[in-house]
Amino acid sequence: MSDSVLRVSDLDVDLHLGGKRVRAVAGVGLEIRRGETFALLGESGCGKSMTALALMRLLPDVAGIAGGQVRLDDEDILQRPEALMRELRGRRMAMIFQEPMLSLNPVMTIGDQIGEVLTGHLGLSGAAARTRTIELLTAVGIADPQRRIREYPFQLSGGMKQRVMIAMALAGEPELLIADEPTTALDVTIQAQVLDLLRRLQAERGMSLLLITHDLGVVANMAHQVAVMYAGQVVESGSCEQVLQRPRHPYTRLLLTALPEITGSNQQLATIPGQVPPLDGGIAGCRFAPRCAWVRDDCRSRAPVWQGELRDGVRCPHVAELAPLPEQLREPMARPLHVGPPLLQVQDVQVHFPIRAGLLQRQVGAVKAVDGVNLAIAAGQTLALVGESGCGKTTVGKAIVRLNRLTAGDIRYAGQPWASLDGEALRRQRSQVQIVFQDPYASLDPRMRVADILMEGMASLGVGGSSAERLARVDRLLDQVGLPAAARWRYPHEFSGGQRQRIAIARALAVEPKLIVCDEPTSALDVSVQAQILNLLRDLQTELGVAYLLISHNLSVVEYLAHEVAVMYLGRIVEQGEAKAVLKRPQHPYTQALLSAIPRVDVARQPQRIQLNGELPSPADPPTGCHFNPRCAHADRLCRQEYPPVTVADGREVRCHHIVQTGGAYVPAPLKPALGGDDAISKLPQGPA
Amino acid sequence: MSAFLGFKPALLWTDALLLLLVVAVLLVVRHIRRHEHLAAPWRKVALSRAGMVSATVLMVFATIGLLDSMHYRPELPREPGAPAGAVRYAVEMRSLLDHLLDPLPVQVETSYSAPLATQAFNKTSMESDSGTVRDYPRLKFGGAHLSDSNTQWATDISARVLRGTLWGLATGLAILLFAAFVRGPAQALSRLFRWLVGNGDDAVHCVAWTVLALSVLGGAVATLAQGYHVFGTDKVGQDVLYQILKSIRTALVIGTLTTLVTLPIGVVLGIAAGYFRGWIDDVIQYLYTTLNSIPGVLLIAAAVLMTQVFMDTHPEAFETVTERADFRLLFLCLILGITSWTGLARLLRGETLKLRELEYVQAAQAFGVSSAAIIGRHIVPNVMHIILISLVMDFSGLVLAEAVLSYVGVGVDPSMISFGTMINSARLEMAREPMVWWALAAAFVVMFVLVLAANLFADAVRDALDPRTRVRGVA
């Protein structure tokens, strides 16, 4: 095949961990063609990054290639001596990594780092290298490249660093660019910018792109061809449309139905029970058999062989006979209720963190993390607080749990003062409001057993009676969150991420709270595990009538769980209302841009992309007028001068000068093109045909 | 009762504290063994060859030090005419080690003699049949059993070495057999065989051979010491081997008791600074920055001089010379501790600053758990590895610090034998021709082995306990 750039066959990678040999990648076959975007999709630990590193022969010391071929234009690069690999890396194959902060040398200027690649691979130096560096930086959309080449990485934001990384990768004019989770560390609006850039560069240069990701939405928006990996093997391969619209392998099917975006909020999310099997032992049958909903007897004994072509096949012999999954309906989400006083009311809350400088540590300014927020959470319902990182949503959550001090404003719980409680009075009320954190690995003390973790709160707040009664309650809690009672004498490190998050939820439930602040409860988890936690949170709400404040940047999670949504930008809420209405018909330009930036799996539902320029300004020095005006396509003189008042439109509160209120009926604000033409609103190229 | 025993047990301050420390260590070991998550990293130490070999060597040093910490005052022979009940005890304190080493402590020559020598190092005038001659006199104890030292010396030495080696080998095998028996009475012999023949990667194998090597060395030295001064004698004719064995206790006391002082100060202040931040942090930071900027030697010298003045003005407080020396040693530990807690406090402050932002600490705060309980339950257990690592790391530094301070003259009491005082008294003799090298060399070698073992053990502990050092597999 002449148009194939890279052809991988039967690639095996072994990991040597403490005397054990683990086959992390087992018999992977791929073919990447010229000019195509090939997505390697899989959950954490499936071996996708190992595969990518093996292609570059950059595996860590503990890993080694145990067999197979990697053909780059008909040459098996696994046979190349290491000395000759250097002329391949960066020249014909380049790689960009997940964490741009760690991939750039902090003590070298941007220009020098790109220049190094140019000198090494193209022999450019001096003025020629400088000109080329500026061209590259312009190509990746960095403004004012003449100035930027003299800057150091710390002077750039995360999105800009990733652009510089891309420019460095492009410097050697590679035929194949390998991008390992290139946008996972970035915010959605920045992710959208970087993905647009990759798509444009790839189309312009006819370069092949191997995109490694766990995000089905990114795959749907970027890829021509997809391979799905599970437990070190490719289980399904095909065109993007084929794999995402008509998945064949049981794993792919379950993965897609585990997405709240696909399933919709009126159904139970499909979950994949169990965990990825350990790869150190000999696995006799199909690797997915223990978790498969359609498993048969022969699956457990006979390893399935690849069915079909290399670029269009599946590793399951039973695909033709799989019945569709039964739909498990759940009660539709009730409309938000506001009868009587809300459970928790947040009024004009400000949380400022002082900036101190000088010898005497005088306060010279403040980071206005939260700058006047109003919220009301109804009993037994879910309010979602949505925004990008740094917008202050976590600070609001912590203020509600009384983990930080308010600068101004008031919080009332069940009509009673809450923010002014302290000492013993606060301790007595603490059981009412609890919190579940984002990172299940940092939220459980590694030196305590599960029962001790669950009983800590009960003991401190005097909930649950005697210690024997508390122990019985621990069993009940573990049962409630779907863990066996035997778990109580085990330590956190013996559990997986999803199980740890269940323990964290049980810990919060232990003191019978009426409100739980869920701070990004699923963002550290894989899609299939995320589905389990989302199901659990909804079941617990139905069962116990607990209210949630859901802090998230993942709008499909919000859509699945929330009754109401508040969108936050730079310490203030810009739009707030019923979840369905806000997510379906966003009014504020920021909400519109945020929603359009999220890559959807269902490409047909992808709204027109609204490009946001720049990044979130610093909360220490917010822009005058409307905080959003420097990035807004609609901004005018008024926006730059005055912070907009609350406008009630279409049943929700919006802070924007351009929302026109006409007696309750919603009239969309006229969309004015931004200065410099309409390139600010770029149309999303639809998925590959 | 003591009259019946024939001696009176005497507990010095440092003895009591060392004993306390041993009990504390045993309790901690018991606690660790009962908790799987605490025991797991120590099992990694048990797999490290260098770590286990150095632990074995340290055990030998610790045993010598502990034997030297059991003091008593022997009963004096009853004076004629004294009443029956009146028992008098010697002013001199002796330790169990002294008792075991008898008669080494009292075999004092007149002056210098070289290792294993039979004659003194200096010529003296001696009366003989043919008048006064100047010659090297025979030693009073070294090789005194030989009738003709010139012809018999070599044979006697080789015979003793051979005998000592065999004795050592037998003792070593007996120890190993006992250990194998303790592990399980059944198949003790085959287990012993496996320990000795096992492949080179096995830490137990290395430990077994270390035990054998040490017992052979010990056996040879012990048999030689019965007839000779193995490492020679010093200026006043005292056996250098004896001095070295006595120095070990001083070094161990300094290395361990000082941490008893540093630990509470460092842990409390470090964690308080990191956890409470604000003005508490400021105060503690100023405190240790200030303390760190005062030259340590100056502070120690001043404190030691103050102790000396106190001891001189209160002679009635000390019954024996040993008690005086012990008081000064204790005070040295105290002042070393007060000047050396800053490193630990700084480390703990940094770690606590990180831990207090962790989500499980915040979850505990959301439950209204008190600060003291959070520190006790969440912070201390999670900085324990840092405390342990810095404890074993500091040990070797303190042993060296003692040597330097005693050399400068502000260390232990001159009457107390330590590596520092040995080096100090040996330094002037380095300029002699021919050189008196053995005292310095012996002190150097033994101290080097002790410190090296401590450092290697500390490395193994750090590798196992520090979560940042990952064990790398063999590719």
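The values are calculated or read from the model by the stated rules, or taken from the named source; none is laboratory data. Quick caveat, the model's predicted, so the values are computed rather than measured. Glycine also receives a Cβ, built like all others from the backbone with ideal geometry; neighbour counts cover every protein chain displayed.
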With respect to the numbered conditions (1) at pLDDT 90 or above; (2) buried (at least 22 other Cβ atoms within 10 Å of the Cβ), which one is the sole condition not fulfilled by A:LEU254? (1)
Reported set for the range B:338-357 where residues are surrounded by fewer than 21 Cβ atoms within 10 Å (Cβ to Cβ) and either outside the structural domain of B:ALA273 (by TED's automatic domain parsing) or among the aliphatic types (A, V, I, L, M) (or both) is B:ILE338, B:LEU347, B:LEU353
Within the range A:397-418, take every residue that is under 21 Å from B:SER370 (Cβ atoms) and surrounded by fewer than 20 Cβ atoms within 10 Å (Cβ to Cβ) and give me the one that is farthest from the chain's Cα centre (by Cα). A:ARG405
Can you find even one residue in the range A:187-197 that is touching a Gly at 6+ places or on another chain (Cβ under 8 Å), of a type in the set (Gly, Ala, Ser) and buried (at least 23 other Cβ atoms within 10 Å of the Cβ)? no
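How about the range B:28-144: which helices (runs of 4 or more DSSP H) wholly inside it have at least 2 residues that are modelled with pLDDT under 85? Give the derivation first.
Values: elements: B:36-47, B:49-67, B:96-101.
Qualifying helices (runs of 4 or more DSSP H): B:36-47.
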Scope the range B:339-364; condition farther than 20 Å from B:ILE280 by Cβ and either in contact (Cβ under 8 Å) with a residue 40 or more places away in the chain or polar (S, T, N, Q) (or both); matching residues: B:THR339, B:SER340
Of A:ASP439, A:ASP452, the only residue that is over 22 Å from B:GLY376 (Cβ atoms), surrounded by fewer than 22 Cβ atoms within 10 Å (Cβ to Cβ) and within 14 Å of another protein chain (Cβ to nearest Cβ) is A:ASP439
Which one of the conditions (1) in a helix (DSSP H, G or I); (2) more than 24 Å from A:ASP187 (Cβ to Cβ) does A:PRO174 fail to meet, given that it meets all the rest? (1)
For the subset of the range B:371-389 comprising residues that are touching a helix residue (DSSP H, G or I) at 6+ places or on another chain (Cβ under 8 Å) and farther than 12 Å from B:VAL267 by Cβ, which member is surrounded by the most Cβ atoms within 10 Å (Cβ to Cβ)? B:HIS378
Which ones in the range B:423-468 are out of contact with any helix residue (DSSP H, G or I) (no Cβ under 6 Å at 6 or more places or on another chain), more than 30 Å from B:HIS229 (Cα to Cα) and either of a type in the set (Phe, Trp, Tyr) or at pLDDT 80 or above (or both)? B:ASP459, B:ASP463
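Of all the residues that make up the range B:373-411, how many are over 36 Å from the mean Cα position of the chain (by Cα) and more than 8 Å from chain A (Cβ to nearest Cβ)? Please lay out each step first, then the result.
The initial filter retains those residues of the range B:373-411 that are over 36 Å from the mean Cα position of the chain (by Cα), namely B:373-374.
Those still in the list that are more than 8 Å from chain A (Cβ to nearest Cβ) too: B:374.
Adding up the residues that qualify gives 1.
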Which residue, of A:GLU653, A:GLU615, is assigned to a loop (DSSP other than H, G, I, E, B) and acidic (Asp, Glu)? A:GLU615
Working only within the range A:4-22, note down all residues that are within 14 Å of another protein chain (Cβ to nearest Cβ) and out of contact with any helix residue (DSSP H, G or I) (no Cβ under 6 Å at 6 or more places or on another chain). A:ASP14, A:LEU15, A:HIS16, A:LEU17, A:GLY18, A:GLY19, A:LYS20, A:ARG21, A:VAL22
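Yes/no per residue for (1) within 14 Å of another protein chain (Cβ to nearest Cβ); (2) buried (at least 16 other Cβ atoms within 10 Å of the Cβ); (3) on the phi > 0 side of the Ramachandran plot:
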site	(1), (2), (3)
B:GLY6	no, no, yes
B:ALA10	no, yes, no
B:ASP15	no, yes, no
B:LEU19	no, no, no
B:VAL22	no, no, no
B:GLU36	yes, no, no
B:PRO41	yes, yes, no
B:VAL45	no, yes, no
B:MET52	no, yes, no
List the number of the failed condition for A:GLN432; all other conditions in (1) out of contact with any strand residue (DSSP E or B) (no Cβ under 7 Å at 6 or more places or on another chain); (2) farther than 20 Å from B:GLY376 by Cβ; (3) within 14 Å of chain B (Cβ to nearest Cβ) hold. (1)
Look at A:GLU559 and say whether it is in contact (Cβ under 8 Å) with a residue 24 or more places away in the chain, surrounded by fewer than 21 Cβ atoms within 10 Å (Cβ to Cβ) and acidic (Asp, Glu). yes
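If you go through the range A:397-427, how many residues are in a helix (DSSP H, G or I) and more than 8 Å from every other protein chain (Cβ to nearest Cβ)? I'd like the intermediate steps shown before the answer.
At the first step, the residues of the range A:397-427 found to be in a helix (DSSP H, G or I) are A:397-400, A:423-427.
Filter again for more than 8 Å from every other protein chain (Cβ to nearest Cβ), leaving A:397, A:399-400, A:423-425.
Number of matching residues: 6.
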I'm told A:VAL527 meets every condition in (1) surrounded by fewer than 24 Cβ atoms within 10 Å (Cβ to Cβ); (2) in the same structural domain as A:LEU454 (by TED's automatic domain parsing) except one. Can you identify the failing condition by its number? (2)
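Residue by residue, here is whether (1) under 30 Å from A:ARG253 (Cβ atoms); (2) outside any loop (DSSP other than H, G, I, E, B); (3) at pLDDT 80 or above holds:
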site: A:LEU325; (1), (2), (3): yes, no, no
site: A:PRO332; (1), (2), (3): yes, no, no
site: A:VAL339; (1), (2), (3): no, no, no
site: A:PRO342; (1), (2), (3): no, no, yes
site: A:VAL351; (1), (2), (3): no, yes, yes
site: A:ARG356; (1), (2), (3): no, yes, yes
site: A:LEU360; (1), (2), (3): no, no, no
site: A:GLN363; (1), (2), (3): no, yes, yes
site: A:VAL370; (1), (2), (3): no, yes, yes
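I'd like the residue in the range A:257-268 that is polar (S, T, N, Q) and part of a helix (DSSP H, G or I) and, out of all such residues, is surrounded by the fewest Cβ atoms within 10 Å (Cβ to Cβ).
A:THR263
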Cβ-Cβ distance below 7 Å, separation of 6 or more or different chains: which pairs start in the range B:210-233 with a residue that is in contact (Cβ under 8 Å) with a residue 12 or more places away in the chain and end on one that is aromatic (Phe, Trp, Tyr) and surrounded by 20 or more Cβ atoms within 10 Å (Cβ to Cβ)? B:PHE231/B:TRP438; B:GLY232/B:TRP438; B:THR233/B:TYR112
If a residue has to be surrounded by fewer than 17 Cβ atoms within 10 Å (Cβ to Cβ) and within 22 Å of B:VAL399 (Cα to Cα) to count, how many in the range B:309-322 make the cut? 0
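Which of the residues belonging to the range A:629-658 are among the polar types (S, T, N, Q) and either at pLDDT 90 or above or within 15 Å of A:GLN576 (Cα to Cα) (or both)? Quick ask: steps written out before the conclusion?
To start, the set of residues in the range A:629-658 that are among the polar types (S, T, N, Q) comprises A:629, A:641, A:647.
Of everything in the range A:629-658, just one residue is among the polar types (S, T, N, Q) and either at pLDDT 90 or above or within 15 Å of A:GLN576 (Cα to Cα) (or both), namely A:THR647.
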Checking B:ASP135, B:ASP129 in turn, the sole residue that is surrounded by fewer than 19 Cβ atoms within 10 Å (Cβ to Cβ) and in contact with a strand residue (DSSP E or B) (Cβ under 9 Å, 6 or more places away or on another chain) turns out to be B:ASP135
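Would you confirm whether any residue within the range B:349-357 is among the aliphatic types (A, V, I, L, M) and more than 14 Å from every other protein chain (Cβ to nearest Cβ)?
Going residue by residue through the range B:349-357, those that are among the aliphatic types (A, V, I, L, M) are B:353, B:355.
Pick out the ones that are also more than 14 Å from every other protein chain (Cβ to nearest Cβ) and you get B:353.
Among the residues of the range B:349-357, at least one is among the aliphatic types (A, V, I, L, M) and more than 14 Å from every other protein chain (Cβ to nearest Cβ), which makes the answer yes.
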